[in-house]
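The values are calculated or read from the model by the stated rules, or taken from the named source; none is laboratory data. A quick note: this is a predicted structure, and the numbers were derived from the prediction, not measured. Every residue, glycine as well, gets a Cβ built from its backbone with ideal geometry; the counts of neighbours run over all protein chains shown. Just the protein is used for accessible areas: all its heavy atoms, side chains included, with ligands, DNA and RNA removed. Shrake-Rupley method; radii C 1.70, N 1.55, O 1.52, S 1.80 Å.
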Amino acid sequence: MSFVSIYFSLGSNLGNREQNISEALRRMDEVFEGHYQALSRLIETKPMGFSGGKFLNAVVLYRVFRPQVSSLEAATAILQKVKSIESAMGRKDPPEYDGAGNRIYHSRIIDIDILFYGNERIDSELLTIPHKGIADRPFVMIPLMEVAKPSLKEAFPEYF
């Protein structure tokens with residue numbers, strides 16, 4: 001049986017933001033059948049790319065069972081799990097893009113993004129790992145630096 005380390009970013013800027021992140025972690029513990037390995041502190045940040053209330057952000061590390069399928073299939077299954085958590089918690093906004101193909105962002109009760117899936121690099125229409133724009137997002141990099149293991153730093157030196 002093999003396992004994989006997965007780093008996620010979490011953010012919330014609607015309602016009780018701290019409670020939203022706690023609830024997302026509780027649900028992630030359930031779907032990943034175990035408690036997370038590491039959790040950064042919560043940081044408060046302004047929204048990036050749109051106007052809205054301030055976010056609480058964190059990065060969490062889980063070690064989960066690695067099924068014997070391709071990395072793309074395994075990571076896509078993880079993506080489906082976190083998207084179902086977002087939906088169950090009340091997030092209803094599908095991704096939206098402007099005429100130039102740029103993502104339009106909105107306030108949200110919870111946002112869960114896969115930052116890293118082991119040492120894999122995945123680039124598909126549905127999923128890009130490492131997550132796009134990590135280095136340009138202090139709300140990801142600050143908490144990531146708190147929980148990043150040496151193996152992650154060695155595998156992805158361009159981020160550290």
Enumerate the pairs (first residue in segment 42-66 and open to solvent by less than 40 Å² (accessible area, probe 1.4 Å); second residue anywhere and basic (K, R) and not in a loop (DSSP other than H, G, I, E, B)) with beta-carbon separation below 8 Å, excluding pairs fewer than 6 apart on the same chain, so at least 6 apart or on different chains. F55/R17; L56/R17
Limited to segment 1-29, what total is found for residues that are surrounded by 16 or more Cβ atoms within 10 Å (Cβ to Cβ) and not charged (D, E, K, R)? 16
Taking segment 61-114 as the region of interest, how many residues are touching a Leu at 6+ places or on another chain (Cβ under 7 Å) and among the hydroxyl-bearing types (S, T, Y)? 2
Report, by residue number, each residue of segment 123-154 that is under 16 Å from S71 (Cβ atoms) and crowded, with 18+ Cβ neighbours inside 10 Å. I129, P130, L152
Whichever residue in segment 105-118 is hydroxyl-bearing (S, T, Y) and not in a strand (DSSP E or B) and, among such residues, is modelled with the lowest pLDDT: Y105
Go through segment 130-160 and give me each residue that's in contact with a helix residue (DSSP H, G or I) (Cβ under 6 Å, 6 or more places away or on another chain) and either under 13 Å from I6 (Cβ atoms) or at pLDDT 95 or above (or both). V140
Looking at segment 104-119, can you tell me whether even one residue there is open to solvent by 60 Å² or more (accessible area, probe 1.4 Å) and either among the polar types (S, T, N, Q) or touching a Lys or Arg at 6+ places or on another chain (Cβ under 6 Å) (or both)? yes
What are the pairs, 6+ residues apart or on separate chains, where a residue within segment 139-160 that is free of Cβ contacts under 8 Å to residues at least 12 places away in the same chain has its Cβ under 6 Å from a residue that is open to solvent by 70 Å² or more (accessible area, probe 1.4 Å) and of a type in the set (S, T, N, Q)? none
Which condition breaks for G99 when tested against (1) within 28 Å of S2 (Cβ to Cβ); (2) open to solvent by 20 Å² or more (accessible area, probe 1.4 Å)? (1)
